[in-house]
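The values are calculated or read from the model by the stated rules, or taken from the named source; none is laboratory data. Quantities reported herein were computed from a predicted structural model and do not represent experimental measurements. Note that we place each Cβ from the backbone using ideal geometry, even for glycine, and neighbour counts take in every protein chain shown. Just the protein is used for accessible areas: all its heavy atoms, side chains included, with ligands, DNA and RNA removed. Shrake-Rupley method; radii C 1.70, N 1.55, O 1.52, S 1.80 Å.
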Amino acid sequence: MNPYESPIREALINGEDTTYGKITDDIVRNTEGTPPKSWMIAFALASITALFGVFCLGYTVWKGIGVWGLNKTVDWAWDITNFVWWIGIGHAGTLISAVLLLFRQKWRTGINRAAEAMTIFAVVCAGLFPVFHMGRVWMAFFIFPYPNTRGPLWVNFNSPLLWDVFAISTYFTVSVLFWYSGLMPDFATIRDRAKTARRKMIYNVLSFGWIGSAKQWQRFESLSLVLAGLSTPLVLSVHTIVSFDFATSVVPGWHTTIFPPYFVAGAIFSGFAMVQTLMLITRKLFSLQNYITVAHLESMNKVIVLTGSIVGVAYITELVIAWYSGYLYEQYAFYNRALGPYKWAYISMMTCNVISPQVFWFKKIRRSVFYSFLLSIFVNIGMWFERFVIIVTSLHRDFLPSSWNYFTPTWVDAGLYIGTIGIFFTLFLLFARTFPVIAIAEVKSIFSTSAVSAKKKMADPQDFSDVHSHSHDHGHGAHAVVHHDKNFNEQ
Amino acid sequence: MSATSTESNKFIIGIYDHEEKLLKAIKHIRSKGIEIHDALSPFPVHGIDPVLGLKDTRLHTAGFFFGMTGTLTALSVITFISKFNYPLIVGGKPFWALPAYIPVTFELTVLFASVGMVTTYLIRNKLWPGHVPRIFDKRTTDDKFALTFAIDHRSSADIEQIKSALGETGASEINTKEFKDTDEPLN
């Protein structure tokens with residue numbers, strides 16, 4: 001990392017008087033003392049919703065899958081919609097922590113910790129749906145290939161559903177490892193400022209006994225880089241394989257070669273929207289406006305408008321290719337999707353995903369906290385409808401008109417969906433309260449280049465020479481910036 | 001120089017306020033031929049490895065071999081199952097249908113590489129739940145940078161030389177600390 005950064009590049013750590021010590025104070029403060037009242041209220045609401053979700057899960061297992069709204073034609077509906085929605089949300093966390101690390105985007109440091117946590121909690125919620133759709137959940141381990149007394153009876157390695165088992169479980173494991181390896185140094189920071197013996201003990205256990213020696217950091221950086229390199233193709237493979245669940249079938253509307261890139265773009269799109277929602281809540285709840293700055297929000301909005309446009313292009317491409325294919329059933333699937341009985345869902349999807357994010361072309365809106373929040377909610381809704389539209393509209397008019405059917409969800413369907421939102425927010429709020437919600441060490445590592453207070457020093461040669469005791473034998477003032485650049489290159 | 005030596009119990013600890021000062025100090029002190037026990041910092045200091053004379057880590061090489069193990073495990077297990085133990089006709093395709101095995105093979109490669117690397121990382125870095133480390137200075141995980149010197153077997157002249165080198169390079173504090181056992185309680 002070059003210690004010099006152009007002063008015209010926007011700062012990523014605000015606050016005139018920020019120092020390393022203040023970064024620690026500001027971030028760790030949220031784990032100390034009594035939580036703010038707003039947190040208590042949010043936590044109570046989330047956990048009540050989560051409990052209702054758990055009740056619905058129990059009810060499903062007790063009564064059977066019949067309590068869902070599925071029928072003989074639409075045998076996949078809200079369950080798989082929710083699954084794909086949650087998995088997609090998870091993708092932004094990995095994108096921020098891995099892909100942006102490879103691209104050396106410094107703005108990832110302010111949001112990567114919470115985004116990775118979001119990934120893990122989203123994958124937990126996603127996993128619930130296919131597992132509970134199996135019916136007899138206690139036999140869920142049948143999906144793994146292991147030697148058994150039933151034959152041996154193995155799983156089918158040609159099936160995308162099995163690929164999904166491997167993709168999702170690997171994705172979950174690697175995300176947890178990546179997240180936790182970054183958390184250890186920050187837990188050590190909390191440990192070393194803990195006041196009580198119990199707190200010290202707990203955070204020492206969580207930190208695995210980290211001290212921050214040179215060799216530990218060297219291995220830490222090597223590990224982060226390789227895990228980022230592994231996670232990048234991994235995250236692309238996961239949603240590619242999720243799209244294979246549909247694309248390898250022979251159902252018109254699903255049997256589409258465009259699905260893998262289209263699903264990946266959609267996943268990043270919806271994931272960034274959820275990161276945006278969570279970050280706006282977190283920075284408000286814990287007063288972290290100096291670390292999750294408007295510059296961070298703007299960067300995320302840029303990703304949202306880009307991926308939203310990719311998704312828009314994919315929607316149009318699908319329609320054009322269906323027309324161009326000359327294949328009657330494919331044409332009907334798309335005609336029915338846009339103008340059939342689920343027209344309302346299609347219109348919601350198009351409005352929320354394609355049209356509304358286009359306002360982010362305007363800088364004022366991109367940098368507005370209010371509009372960022374509003375549009376992130378729109379995108380979350382739109383992306384849920386996208387999965388619903390793809391899944392239900394392709395199924396509900398079967399090849400035989402006598403099998404045509406309409407899907408209506410039951411209260412259990414709705415309860416499960418809302419319940420997972422509750423589970424997600426319960427986990428996230430617990431995380432935000434007890435864990436360092438911003439990667440302390442990583443924010444410090446960009447401090448000397450990207451903080452407002454450090455940038456001010458950089459522009460002032462007098463202050464600067466205090467730290468870097470180079471002999472200043474040439475120009476001050478107007479040439480200051482060029483001059484420092486040169487000095488740094490010498491080091 | 002070793003990251004966590006258990007042989008020494010007495011240390012001199014020089015505290016610095018800024019990573020640039022720390023880097024300069026390391027250069028200066030090493031040029032005098034003084035052996036540095038360790039450098040502690042709240043975040044990875046860029047460019048510290050060559051200055052300290054640390055060898056490059058071989059963790060990524062280990063990662064490669066773990067990954068290869070995953071690839072071979074996946075391919076051999078799937079081949080055994082699909083070709084020999086439980087041949088099943090799926091859509092009239094050959095029993096051994098390699099393209100269909102790429103996703104699972106890829107996932108297992110990533111899984112083995114990650115789990116293997118993280119395990120190696122934890123063992124080599126002496127990190128496990130419940131491990132109680134030697135804490136030289138509590139502030140090194142907050143806003144201070146520290147250089148430590150093992151002084152059990154050093155003469156008082158050597159110790160004076162270390163202290164003066166620390167003073168010359170702008171250390172804000174020079175402390176001494178003695179650890180009683182190998183397992184110190186958190187203080």
Relative to chain B, whose Cα atoms define the longest principal axis, helix B:98-124 and its Cα axis are tilted in degrees, nearest 10, by 20 degrees
Sites removed, the longest contiguous part of chain B containing no DSSP-loop trypsin sites (Lys or Arg not before Pro) with at most 14 other Cβ within 10 Å is B:59-179
For peptide A:197-209, the mean count of other chain Cβ atoms within 10 Å per residue Cβ is 4
Using a 1.4 Å probe on heavy atoms of the protein chains only, the accessible area for residue A:61 in Å², nearest 10, reads 50 Å²
Between the Cα axis of helix B:19-31 and the main Cα principal axis of chain B, the angle (0 to 90°, nearest 10) is 70 degrees
Taking chain B, the equivalent ellipsoid from its C-alpha gyration tensor has semi-axes in Å, biggest first, of 51, 17, 13
Set A:284/B:126; A:200/B:144; A:195/B:55; A:22/B:180, cut-off 31 Å on Cα-Cα distance; pairs above it are A:284/B:126; A:195/B:55; A:22/B:180
Magnitude of the Cβ-charge dipole (Lys and Arg +1, Asp and Glu -1) of chain B about the Cα centre, nearest 20 debye, reported as 640 debye
Given all pairs of distinct Cα atoms, segment B:67-178 yields a Kirkwood Rh in Å of 19.7 Å
Excluding residues fewer than 8 positions from residue A:302 in its own chain, the lysines with Cα under 20 Å of it are A:106, A:363, A:364
Taking only protein heavy atoms and a 1.4 Å probe, the highest-to-lowest accessible-area order of A:323, A:217, A:404, A:78 is A:323, A:404, A:78, A:217
Sorted largest first, the C-alpha extents of segment A:20-459 along its principal axes in whole angstrom are 72, 58, 41
Rounded to the nearest whole number, the Stokes-Einstein translational diffusion coefficient of segment A:109-192 at 4 °C and 1.567 mPa s (Kirkwood radius, C-alpha pairs) in µm²/s is 85 µm²/s
Sorted by accessible surface (1.4 Å probe, heavy atoms of the protein chains only), largest first, A:146, A:327 come out as A:327, A:146
Within 10 Å of the Cβ of an average residue in B:34-42, the count of other chain Cβ atoms is 5
Rounded to a whole number, the mean other protein chain Cβ count within 10 angstrom for residues of A:176-188 is 3
Ordered by number, the chymotrypsin sites (Phe, Trp or Tyr not before Pro) in segment B:88-117 that occupy a DSSP loop and have at most 16 other Cβ atoms within 10 Å are B:95, B:96
From most to least accessible, 1.4 Å probe, no ligand or DNA/RNA atoms counted, B:60, B:153, A:239, B:18 line up as B:153, B:60, B:18, A:239
For chain A, longest principal axis from Cα atoms; helix A:160-192 axis from its Cα atoms; angle between them, nearest 10 degrees, is 30 degrees
Along principal axes, largest first, the alpha-carbon spread of segment B:59-124 in whole Å comes out as 49, 19, 13
Projecting the Cα atoms of A:44, A:291, B:48 onto the charge dipole of the protein assembly as shown, where Lys and Arg contribute +1 and Asp and Glu -1 at Cβ, the residue farthest towards the positive end is A:44
The long-range amide H neighbours of residue A:340, using H built 1.01 Å from N in the peptide plane and a cut-off of under 5 Å, are none
Counting only protein heavy atoms and leaving out ligands, DNA and RNA, the solvent-accessible surface of residue A:413 at a 1.4 Å probe, in Å² to the nearest 10, equals 10 Å²
Per DSSP loop assignment and a cutoff of at most 10 other beta carbons within 10 Å, chain A keeps its longest run without exposed trypsin sites (Lys or Arg not before Pro) at A:196-491
Out of B:125, B:37, A:58 - ranked by how far each Cα lies towards the positive end of the dipole of the protein assembly as shown, with unit charges on the beta-carbon of charged residues - the top one is A:58
